[in-house]
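S.K.: Quick one: the structure is below, questions incoming.
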Amino acid sequence: MAGFSCEVRQEGAVRVLHVRGEIDIAVADEFWRVLEPLLTAGTLVALGLRVVVRAQNRAEETGAAFVLAGPSAAVARVLELSGVTGMFTTYPELEPALAGLTGESGARR
């Protein structure tokens, strides 16, 4: 689990989950435990991909917004190779994501 951390902070009306490190089998459950409550009220590997796809699906089910802000080139490549890029609203960095979530544009899907 060394190298993995996730932090939740409030930016106005938006909760931001900042993830550092790899989301792999060793941390997937911990990541989901942090992420799931946000949906209901680095690098990316296959299991991490499954977790973010699951999070996106849950967000759609509950009417929450789930966006990717500033994904690394490696994360973007995994999403592309997996054919799931179109599932996610992606922003180049946090500030445009916050603006997009509060009604301004700047996203690509």
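A short reminder: the numbers here are calculations on the coordinates, not readings from a lab. As the structure is a prediction and not an experimental result, all values here were calculated from the model.
S.K.: What is the gain in length, in nm to one decimal, between residue 57 and residue 76 on full extension, counting 0.36 nm per residue of separation less the C-alpha to C-alpha distance?
M.R.: 5.0 nm
S.K.: Which whole-Hz ³J(HN,Hα) couplings does segment 6-21 yield from phi under the Karplus relation 6.51 cos²θ - 1.76 cosθ + 1.60, θ = phi - 60°, glycine and proline marked x?
M.R.: Coupling constants for segment 6-21: 9, 10, 10, 9, 9, 10, x, 8, 10, 8, 10, 9, 9, 10, 10, x Hz.
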